[in-house]
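Novice: Take a look at this one; I'll ask things after.
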Amino acid sequence: MEINQLLKKGANMIKGRQYGNPVLEATLLLGELLNVDNTHIYTHGKEEVSQVIVDKFLELMEKRSKGYPIQYIINKKEFMGLDFYVEEGVLIPRSDTEILVEYVLSYIEENHNNQPINILDIGIGSGAIGLSIAYYKRNVNVYGTDISDVSLKVANINKNRYNLDNVILMESNLFEGINEENRFHIIASNPPYIPKNDIETLQREVKDYEPMKALDGGKDGLDFYRRIIPDSKRYLIEKGLLIFEIGYDQGQQIKSMMTDEGFKDIKILKDLQGLDRVVLGVKERRS
Ligand code: GLN
C-alpha cells in the first residue's frame, strides 16, 4: 500500500475520536515505524510501504482508536523543543506546563544569571519541568524526586538522552528523602491536582490510560499543595521561589494558602486559553 493511502486509512480509523488530530497522529505513527520524519511522509506519498509495516501501523491505529494516547504508542512527546521519551505509567507532558518552565528560565536570568543554583522538581514524572530547565541552564543543579519507579526510570532515560549531568534523580515521597541540609533557590512542582470526583469526567485518553497517581489531588484537588507549601519553607533559601502548576479554578485558593504561610510577591500566570495555570511566590521570613 502507498503512504498516502495508508495515512488516509489510519486517519479514518481515529477520526471519530473527540480529541487529537487524526492526520497528524497517523503521520507521526507512520513516520516512527518507517523511521523517517514528517516531511518525508508528506513528500513521498506514492512510496510503497511493506506489508509488515502496514499491519503494524493498522494494529497500533486500532489501539489509538480505543483512546490509547498516541504519545504512549510512539513513546514520544515534544516539550520545550525537546523530545521526551514517555511510556504508560508517567503523565504525558502538557504544553501548558511550558508556561511554568519559561517563567523559571527568565527568573533565573534575572536573579541568578550564570550562577550554580539548586532547583528541586517535586514529582518530576518524565522530567518535563526539571530536565528542560537543566537543559537550557547547564550551570544550575536540578534535583528531581518522584514516588513512582516508572517515573524515575523514564526521567533517567531522558536525562541520559540529553547528557544532563547537572541532574540528580531521587525516589522520594515529596520531601521525605531530601536531606534537610539541602537548600534550594527554586522549588517547582506540577503535583496531581484533579479533584477525585472529576477524574471520571476527563477524556478517555487521560482517565483510562494516564497514571491515576499523577492526577488525583484528593477531594478538592488541593491535597498536595497543602503538604508542599508549608514543608517547602524548610528547604527554600530566604527569598527562594516556590512555583506550581495548578488547576484552572484553583488560583485563588492556592494563593491564599501561600499568603497564610508567609509567601510574598504571589502571582498567578495564565495559560494560552486565558485560564489560571501557574501560581508562584517568594519565601520571606515573617517579621
Ligand atoms: N493538566 C493535567 C490534565 O489536565 C493534570 C496534571 C496534574 O494533575 N498535575 O489532565
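Novice: Taking only the C-alpha atoms, wrap a convex hull around the stretch 168-287 and report its volume per residue in Å³ as a whole number.
Specialist: Hull volume normalised by residue count: 122 Å³.
Novice: Would you look at the GNM of the chain, springs on alpha carbons closer than 10 Å, and say which of SER148, SER50, SER132 moves the most?
Specialist: Taking springs between Cα atoms under 10 Å, the residue moving most is SER50.
Novice: Taking only C-alpha pairs under 8 Å that are 6+ residues apart, what is the relative contact order of the chain in percent?
Specialist: 13
Novice: What does the charge count around LEU100 come to, taking other residues whose C-beta lies under 14 Å from its C-beta (Lys +1, Arg +1, Asp -1, Glu -1)?
Specialist: My count for the surroundings of LEU100 gives -3.
Novice: For LYS196, LYS15, what ranking results if the residue with the fewest other Cβ atoms within 10 Å of its Cβ goes first?
Specialist: In order of increasing Cβ crowding within 10 Å: LYS15, LYS196.
Novice: Another one. Treating cross-link reach as a plain straight distance, find the lysines whose alpha-carbon is under 18 Å from the alpha-carbon of LYS46, omitting any fewer than eight places away in the same chain.
Specialist: Answer for LYS46, where 18 Å is the Cα cut-off: LYS8, LYS9, listed by chain and number.
Novice: Ranking HIS40, HIS185 by Cβ neighbours within 10 Å, fewest first, what do you get?
Specialist: Ranked by crowding around the Cβ, least crowded first: HIS40, HIS185.
Novice: Sort VAL154, VAL36, VAL52 by Cβ crowding within 10 Å, fewest neighbours at the top.
Specialist: Ordered from fewest to most neighbouring Cβ atoms within 10 Å, VAL154, VAL36, VAL52 come out as VAL52, VAL36, VAL154.
Novice: I would also like to ask the following. Determine which aspartates and glutamates satisfy two conditions relative to LYS63: a Cα distance under 17 Å, and not lying fewer than 8 residues away in the same chain.
Specialist: Answer for LYS63, where 17 Å is the Cα cut-off: GLU25, GLU32, ASP55, GLU87, GLU88, GLU205, ASP208, GLU210, listed by chain and number.
Novice: Can you give me the angle between helix 149-161 and the longest principal axis of the chain, using Cα atoms only, in degrees from 0 to 90, rounded to the nearest 10?
Specialist: Compared with the principal axis, the helix lies near 80 degrees.
Novice: Given N residues in the stretch 1-95, what is Rg(Cα) / (2.2 N^0.38 Å)?
Specialist: Relative to the rule-of-thumb radius for its length, the stretch 1-95 sits at 1.05.
Novice: Ok, one more. Assigning unit charges at the beta carbon (Lys, Arg +1; Asp, Glu -1) and nothing else, what dipole magnitude in debye, to the nearest 20, does the chain show about its Cα centre?
Specialist: Charge dipole, the chain, about its Cα centre: 320 debye, nearest 20.
Novice: Evaluate the distance, in nm, between pseudo-label points positioned 7 Å from the Cα of ASN114 and of ARG183 along their respective Cα→Cβ axes.
Specialist: Those two pseudo-labels are separated by 2.4 nm.
Novice: Residue separation times 0.36 nm, minus the C-alpha to C-alpha distance between GLU78 and THR201: what's the value?
Specialist: 41.7 nm
Novice: Same structure again: Using a Gaussian network for the chain with springs between C-alpha atoms less than 10 Å apart, which of these wobbles most: GLU176, GLU210, GLU62?
Specialist: GLU176
Novice: Mind counting lysine pairs for me in the stretch 186-287? Cα separation below 22 Å, and the two need to be 8 or more apart along the chain or on different chains.
Specialist: Taking the stretch 186-287 as the scope, the lysine pair count is 21.
Novice: Just to compare against my own numbers: the Cα pair-distance distribution for the stretch 94-214, 10 Å bins, whole % per bin, please.
Specialist: 13, 43, 33, 11, 1
Novice: Still on this structure, please answer the following. May I ask which residue of GLY10, GLY31, PHE84 lies farthest towards the positive end of the charge dipole of the stretch 1-92, with charges of +1 (Lys, Arg) and -1 (Asp, Glu) on Cβ and the Cα centre as origin?
Specialist: Positive-most Cα among the choices belongs to GLY10.
Novice: To the nearest 10 degrees, how steep is helix 251-260 against the longest Cα principal axis of the chain, on a 0 to 90 scale?
Specialist: The two axes meet at around 30 degrees.
Novice: If you don't mind, another one. Return the single residue from GLU245, GLU98, GLU200 with maximal mean-square fluctuation; model: Gaussian network over the chain, springs between Cα atoms under 10 Å.
Specialist: GLU200
Novice: Moving to a separate point now. Dipole of the stretch 1-147, Cα-centred, from +1 at each Lys and Arg C-beta and -1 at each Asp and Glu C-beta, to the nearest 20 debye?
Specialist: Value, rounded to 20: 400 debye.
Novice: Here's something else I'd like to know. From largest to smallest, what semi-axes in whole angstrom does the chain give when each is the square root of 5 times an eigenvalue of its alpha carbon gyration tensor?
Specialist: 38, 21, 16
Novice: If I fit a long axis through the Cα atoms of helix 51-65 and take the longest principal axis of the Cα atoms of the chain, what angle between them do I get, 0 to 90°, rounded to 10?
Specialist: Roughly 50 degrees, rounded to the nearest 10.
Every read-out reported here was derived from the displayed coordinates using simple, explicitly stated rules and does not represent laboratory data. None of the values given here were measured: they were computed from a predicted structure. Virtual Cβ from ideal backbone geometry, glycine too; neighbours counted across all protein chains shown.
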